[in-house]
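All remarks here apply to the structure that follows.
Each reported figure results from applying straightforward, stated rules to the coordinates on display, with no laboratory input. All of these numbers come straight from a predicted model, not from anything done at the bench. Cβ sites come from the backbone with ideal geometry, for glycine too, and all protein chains shown count toward neighbours.
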Amino acid sequence: MATELLTRRRALGLVAAAAGLPLVLRATRGSAEVVTWRGRALGAPATLVLHHPDRREAERLVAACVAELERLEGVFSLYRADSALSVLNRDGALAAPPAELVAILGDCRGFHARTAGAFDPTVQPLWLLYARHFQSGGGAEGPAVAALDEARGKVGLDAVLASRERIAFARRGMALTLNGVAQGWITDRIVDRLRAAGVTSTLVDMGEIRGLGGPWPVGIVGASAGVDLTDRAIATSAPLGFAFDPARRFTHIIDPRSGATPARYARVTVIAPTAAEADALSTGLAIADDVPAAPGVSVERVVS
């Protein structure tokens, strides 16, 4: 299992490198005091750019944000054996779960409903099935129908029971992945923390980008034009950014309803009020036909 999770972590990094998923800052801002931190969040490159009149205070805030990131990784990481998510996946239940895990599952239910089930964090058994099949030298046609049916039987957000007292899976063999929302969710928590401290101008990228204040000129790698973010977030998904197989027939974005891995779009970009919303919708809209209109949300889908 440890080897498989490490492989997945590397795969997610290759998605960004190959598909150009990271959104890059196209310009700097003025002559204000700037403190920049670069690191990693849930296995992806992360950046925090903070404008503040007091450099010492800015450095203190950045350190506090990095500590918060590390704490949340202990909740959401799929790669740390001691994270709350890993314990839940291993044991099938978690008593006295962290409040953040309960909260993000509540958000996931909303995104699941908005995308007609295309966004579903219980898709992990299907992901593992594809990964194991091709890592073990399985046939180019992909997993057997019986294996897909078995994995699909472990998928379904309605079978995740969550309360402040306990989170439990109603079906044996279920597992969660929060890779389609946690980076955006952490980005939002960092923005909230900085806003509460009086910060009015910052760009936070914890795997997904959100600007506080603005405009922040942001370019999308592979796109002809960038966007200006003002109190908005942006996220991009590229199904063909990583494939399980050399022929690139089976991609990393899996439809939880069918078990298939369609690559209908080369890129899906969502701008939304929050990074979690942009993150989850960009994943779901790589599969779903459409979502109901929502205030402040715009979508661009580039056909493969």
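In the chain, helical runs assigned H by DSSP with n ≥ 4 each contribute -39500 (n - 2.57); averaged across all residues and rounded to the nearest 500, the mean residue ellipticity at 222 nm is -11500 deg cm²/dmol. Computed over the Cα atoms of region 98-206, the ratio of the radius of gyration to the Kirkwood radius (Rg/Rh) comes to 1.09.
Our estimate of slack between Ala95 and Ser163, defined as 0.36 nm per intervening residue step minus the Cα-Cα distance, is 23.5 nm.
Based on the Kirkwood radius over alpha-carbon pairs, what is the Stokes-Einstein translational diffusion coefficient of the chain at 37 °C with 0.692 mPa s viscosity, in µm²/s? All intermediate terms of the calculation are to be shown ahead of the outcome.
Details: Rh = 19.7 Å.
In µm²/s, the coefficient rounds to 167.
Would you pull out the residues with amide H under 5 Å of Ala41's amide H, same chain only if 5 or more places away, H placed 1.01 Å from N? Hits under the 5 Å cutoff: Ala46.
A viscosity of 0.890 mPa s and a temperature of 25 °C, combined with the Kirkwood radius over C-alpha pairs in the Stokes-Einstein formula, give region 204-269 a diffusion coefficient of 179 µm²/s. Under the membrane-span-like helix rule (DSSP H runs whose alpha carbons stretch at least 18 Å along the helix axis, mean Kyte-Doolittle hydropathy 0.0 or higher), the chain yields 2-19, 55-76, 99-114. Note on region 155-267: Kirkwood hydrodynamic radius from all Cα pairs is 17.1 Å, rounded to one decimal. Annotation for region 225-289: trypsin sites (Lys or Arg not before Pro) lying in DSSP loop with at most 13 further Cβ atoms inside 10 Å of their Cβ are Arg248, Arg249.
Label sites at Glu59 and Asp289, each approximated as a point 7 angstrom past Cα along Cα to Cβ, lie 5.7 nm apart. Both radii were evaluated on the Cα set of region 182-223; the Rg over Rh quotient, with Rh as the Kirkwood radius, amounts to 1.01.
Computed from backbone phi, the HN-Hα couplings of region 246-262 come to x, 7, 6, 8, 10, 9, 6, 9, 10, 6, x, 7, 10, x, 7, 10, x Hz, rounded to whole numbers (Karplus: 6.51 cos²θ - 1.76 cosθ + 1.60, θ = phi - 60°; Gly and Pro given as x). Split the chain at each of the GluC sites (Glu not before Pro) in a DSSP loop with at most 14 other beta carbon atoms within 10 Å, and the longest piece is 166-304. For Leu229, the residues whose modelled amide H falls within less than 5 Å of its own, excluding neighbours fewer than 5 places apart on the same chain, are Trp216, Val218. For the chain, the residue among His133, Thr261, Val181 whose Cα projects farthest onto the positive side of the dipole built from Cβ charges is His133. Both radii come from the Cα set of region 143-220: Rg as radius of gyration, Rh as Kirkwood radius; their ratio Rg/Rh reads 1.19. Amide H contacts for Arg166 (H built 1.01 Å from N in the peptide plane; partners 5 or more residues away or on another chain; cut-off under 5 Å): Ala96.
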